[in-house]
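The values are calculated or read from the model by the stated rules, or taken from the named source; none is laboratory data. Computed from a predicted model, the values in this text were never measured in an experiment. Positions of Cβ are backbone-derived with ideal geometry, glycine not excepted, and every protein chain shown enters the neighbour counts.
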Amino acid sequence: MSGLSVADANGFVYEPVRGPKRKIEFKQRPDESIERIEAVWTGCGWRVTGREIVLTMRRI
């Protein structure tokens with residue numbers, strides 16, 4: 001175990017019933033906003049399929 005908790009994670013990977021693995025990452029930007037990056041597994045690496053700037057985020 002790496003010592004990181006789910007609260008320390010900056011994204012997640014999930015496997016839908018159909019199709020390849022998908023990933024969502026959240027990266028802090030210098031202007032204090034957050035960038036959300038979506039990607040799909042191609043079999044060789046991750047291909048970004050979407051991204052947007054997020055102004056706020058909260059745990060539900």
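For beta carbons closer than 6 Å, sequence separation of 6+ or different chains, a first residue in the stretch 29-42 that is farther than 9 Å from Ile53 by Cβ and a second that is surrounded by 15 or more Cβ atoms within 10 Å (Cβ to Cβ), the qualifying pairs are Ile37/Glu25; Ala39/Lys23; Ala39/Trp46; Val40/Arg22.
Let's see how each residue does on (1) of a type in the set (A, V, I, L, M); (2) modelled with pLDDT of 85 or more; (3) surrounded by 10 or more Cβ atoms within 10 Å (Cβ to Cβ):
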residue: Ala7; (1), (2), (3): yes, no, no
residue: Gly11; (1), (2), (3): no, yes, yes
residue: Val17; (1), (2), (3): yes, yes, no
residue: Gln28; (1), (2), (3): no, yes, yes
residue: Glu38; (1), (2), (3): no, yes, yes
residue: Gly45; (1), (2), (3): no, yes, no
residue: Thr49; (1), (2), (3): no, yes, yes
residue: Arg58; (1), (2), (3): no, no, no
